[in-house]
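Take a look at the structure set out below.
We did not get these values from a lab; they are worked out from the coordinates using the rules stated. What you are looking at is a predicted structure, and each value in this text was computed from that prediction instead of being measured. Backbone-built Cβ (ideal geometry, glycine too); neighbour counts: all protein chains shown.
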Amino acid sequence: MSADSTPNTPKNTASGNDVASGAASGASTNPAVDGSELIRFDKVTKRFGSHTVLDALDMNVYSGKHVTLIGPSGSGKTTILRLLMTLLKPDEGTITLAGEYLTHEKKGDKLVPASDKHSRQIRKNIGMVFQQFNLFPNMKVLRNITEAPVHVLGLDKDAAEERARELLDLVGLTEHLDKYPTQLSGGQQQRVAIARALAMRPQVLLLDEVTSALDPELVAGVLDVLRDIAHTTDITMLCVTHEMNFARDISDCVMMFDAGRVIEFGPPEQIFTDPEHERTREFLSAVL
Amino acid sequence: MSDISWGLWKLLLNGVWITVQLTVYSAALGVVVAFGIGIARTHRLRIVRFLSGAYFEIFRGTSALIFMFWVFFVLPLAFGWQLVPMWAAVLALGMTYGAYGSEIVRGAIAAVSPGQREAAIALSFSPAQQLRKVILPQAWPEMVPPFNNLAIELLKGTALVSLLGVPDIAFGAQLVRNATTRSAPVYTIILVMYFVLAFVLTRGMRVVERHAKAGIGQAPPKRAGLTTTLSIGKQTSPIGPVARTAAGPTTGAATEGEA
Amino acid sequence: MKFDWSAVGDFMPLFWRGVVVTLEVLALGSLMAFALGLVWALAQRSSLKVVRWPVTALTEFVRNTPLLVQLFFLFYVMPEWGVTLTAMVTGVLGLGLHYSTYTAEVYRAGIDGVPVGQWEAATALSLPRSRTWIAVILPQAIRRVVPALGNYVIAMLKDSPMLFAIGVLEMLGQARQFSSQTFQTVEAYTVVGIAFILIAYPASLLLRALERRLVR
């Protein structure tokens, strides 16, 4: 399936019919530090009613890579993030994180859909930043960040606050830690949301159109923070965005989606300057 | 009114105390039922949802007074459970109004924006933690105004117990009427008493509402006009539709973009 | 303790008489609540303070005090004022008056819900004020509030047993009388309790269906 879906992607390096191993390794300028395969989608299909959003998708992402998913809306990019976050369950196929099943668990020899407990255990390694921030309005900024580390990871309160202060410093909001989210601007809220996700020390950070709900003048501040994180940490990032300059800056690999399939992928300089596929060219000329 | 002696006044004031107790105890039981059933109605297991939904539908279809009669007269005969009248009344009122309250709880939970639950999942909170730390604190301020309406309905509902011999305000009024052989003064007085109790209740709930809203960083609501001075206004519905309005407007403060 | 089915049989003729009375009270009370509520709602929009204030005060007062006490008030106090009414009429008046304060709020919300543009269009066409109300505003407002009014009919049904307290022999009154004569308490009250659920539940389902159709 996936091989068919990418008929003209000659830069597919490692395995001929595995789209995104190419995706990740296609971006690997330095295979030695690549680390191992972290995320694997194996023939993942997701339907909403009769509409197939993802069609037997294969892909994998290597540890420490920054992958940007682009494509027209409705092409399945966000669905991938939501599947990884277990906000959705795949109809077919499996997803693994660092070799462990996220969507399933082993019962004897059989693979059964994961229990809540199992997916909660695995997804602790994944953090997500949402388009609409989704900060908890009933908690002040500091507690938004410390709540999960304390009550999910079992960190002691002082350590969690220490970590939260460092992260607030990173996102430039130290002076706002005692405010409620509704007292902050959208851009500030989103930076808090980034700090909140990082406080869990996830291996993977999912960014779901994190600037789409922001007023234009607030976008830059958020993107600067993310650039900083991308360049100074070894966290693996999956990013759905319409900010093409940002994608170009931080990505090791850009994947172009259309109608539930990856139609093209490669390093940003190649995708943005010399795309192979006509659809990609159309899409880029529309958004750039 | 001068023909109501001090002894009769004392009777009425004792009745006020009984009515207040009935209201408080029934409300306490009602809140427990409302949250228990309301949360169960959002449970992910179908059987839990079905049973709690059945509880709600049965009590929504039942007249509080008839259920009260049933608890008073049928339970002792059929099952041998004889309750003190006061507690039988609390049981009947609490279970009935709790059922209506469950719709308020369910509606307010449903009105919390889905993004909040998703964010809680993304932070790996357990289902109980999601409810306790994220969903309920946000749903709570939405529940307070409809709970206020319901509390006033409950206060009014307590008058029913007088028909079963519990010496509340309305029961006291009967005695005073018999003693003075005049009805107009005493019934006017007790209607005013109920109105004052409702007023106090609304004032109290207003304070609760302000606290609840402040707890999620929202400014307290502004109200104006005659109904502010009377202060019991703005309740649009009794029990049936109370439940509906609870499911209505959502705040979802965090999702509304710029503060 | 056994459930005596023959007692249920004995109770049935009385029960049906009670059902008829309950439905009569409900129908008349609803009509009164619908009509009086509209009067209150319109009066509260009056430009005259002397109309607005007393009506608001009255409806607030009636809505926030118990129906049962209001029934006693009407039943015992009216004769002292020289107006003697039957229990049934008193019951209908009490129920209708009490619920008119709720329907007034419903109408008010419905009227407020008619878009401002409708008023402006009526003004632009120079429609007289009465015509604007009758032909433009009320038809739109009432369509929207039908389900909410229906909910109050169900609420009135559930409050109608209170009328036994002033001697109306509706369902509960019949059950009470039957049980005091035969001591078949369990059967009579259980039949009436189930009857209420059997009437109220389908009615509320019907209303929900109606609501989906009328309110978009």
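So the values come out like this:
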| item | result |
| --- | --- |
| Cα-based shape type of segment B:1-114, given that a ≥ b ≥ c are square roots of the gyration tensor eigenvalues and the cut on a/c is 1.5 | oblate |
| Inter-part distance where segment B:3-24 and segment C:121-145 are each reduced to a Cα centre, Å | 50 Å |
| Volume of the Cα convex hull of segment C:105-197, divided per residue and given in Å³ | 106 Å³ |
| Shape category assigned to segment C:8-214 from the gyration tensor of Cα positions, a/c cut at 1.5 | oblate |
| Rule-of-thumb Rg ratio for segment C:1-55 [Cα; 2.2 N^0.38 Å; N residues] | 2.13 |
| Phi-based couplings in Hz for segment A:172-184 (Karplus 6.51, -1.76, 1.60; Gly and Pro marked x) | x, 10, 3, 6, 9, 5, 9, 9, 7, x, 5, 8, 9 |
| Estimated FRET transfer efficiency (A:Arg227, B:His211; beta-carbon r; R0 45 Å; 0.05) | 0.60 |
| DSSP bridge pairs, the protein assembly as shown: antiparallel proportion in percent, nearest 5 | 60 percent |
| Net +/- balance of residues flanking A:Asp178 in space, Cβ distance below 14 Å, scoring K and R +1, D and E -1 | +2 |
| Relative contact order [Cα under 8 Å, 6+ residues apart], segment C:8-214, whole percent | 31 percent |
| Projected-area average for chain A over all orientations - Cα convex hull basis, square nanometres | 15.8 nm² |
| Calculated [θ] (222 nm, deg cm²/dmol) that DSSP helices of n ≥ 4 give over chain A, each run adding -39,500 (n - 2.57) | -10500 deg cm²/dmol |
| Highest-MSF residue in chain C out of C:Tyr76, C:Tyr107, C:Tyr152 [GNM, Cα springs under 10 Å] | C:Tyr76 |
| Pairs beyond 32 Å (Cα-Cα), from A:Lys77/B:Lys133; A:Lys46/A:Lys179; B:Lys213/C:Lys158; A:Lys117/A:Lys140 | A:Lys46/A:Lys179; B:Lys213/C:Lys158 |
| All aspartates and glutamates inside 14 Å of A:Lys43 as judged from Cα atoms, apart from same-chain residues fewer than 8 positions distant | A:Asp4, A:Asp18, A:Asp55, A:Asp58, A:Asp91, A:Glu92 |
| Highest-fluctuation residue, C:Met88, C:Met156, C:Met12 considered, GNM on chain C with Cα pairs under 10 Å | C:Met12 |
| Amide N of segment C:169-186 lying under 17 Å from the label point, which is placed 7 angstrom from the Cα of B:Gln82 along Cα→Cβ | C:185-186 |
| Added length on full extension, which subtracts the Cα-Cα distance from 0.36 nm per residue, A:Ala220 to A:Leu288 | 22.8 nm |
| Mean separation of Cα contacts under 8 Å, 6 or more apart, over the residue count of segment C:118-192: relative contact order % | 15 percent |
| Relative contact order for chain A, counting Cα pairs under 8 Å that sit 6 or more residues apart, in percent | 24 percent |
| Antiparallel bridges, percent of DSSP beta bridges restricted to chain A (to nearest 5) | 60 percent |
| Loop-located trypsin sites (Lys or Arg not before Pro) in segment B:9-70 whose Cβ has at most 14 other Cβ within 10 Å (DSSP) | B:Arg44 |
| Two-decimal log10 I(q)/I(0) for segment A:191-288, as the Debye equation yields it once each C-alpha is a single scatterer, q = 0.10, 0.18 Å⁻¹ | -0.29, -0.91 |
| Residue of A:Glu278, A:Glu209, A:Glu166 that the Gaussian network model of chain A assigns the largest fluctuation, springs spanning Cα pairs under 10 Å | A:Glu278 |
| Scaled radius of gyration (Cα, divided by 2.2 N^0.38 Å) that segment B:6-249 gives | 1.13 |
| Once the Cα gyration tensor of segment B:55-120 is diagonalised, semi-axes √(5λ) in Å | 35, 11, 9 |
| Cα pair count fraction exceeding 41 Å, expressed as % - the protein assembly as shown | 47 percent |
| Rounded, prolate or oblate (a/c below 1.5 giving rounded, otherwise prolate when a/b exceeds b/c) for segment A:110-266 by Cα gyration tensor | oblate |
| Backbone HN-Hα couplings from phi across segment B:129-146 [Karplus 6.51/-1.76/1.60, Hz, Gly and Pro as x] | 5, 4, 5, 6, 8, 10, 6, 5, x, 7, 6, 3, x, 6, 7, 4, x, x |
| Whole-Hz ³J(HN,Hα) from phi, Karplus 6.51 cos²θ - 1.76 cosθ + 1.60, for segment A:251-263, glycine and proline x | 7, 8, 8, 10, 10, 9, 9, 8, 6, x, 10, 8, 9 |
| R0 of 60 Å, Cβ-Cβ distance B:Ala179-A:Lys89: FRET efficiency to nearest 0.05 | 0.25 |
| Other-chain or far-sequence residues with amide H under 5 Å of A:Glu264's (modelled H) | A:Met256 |
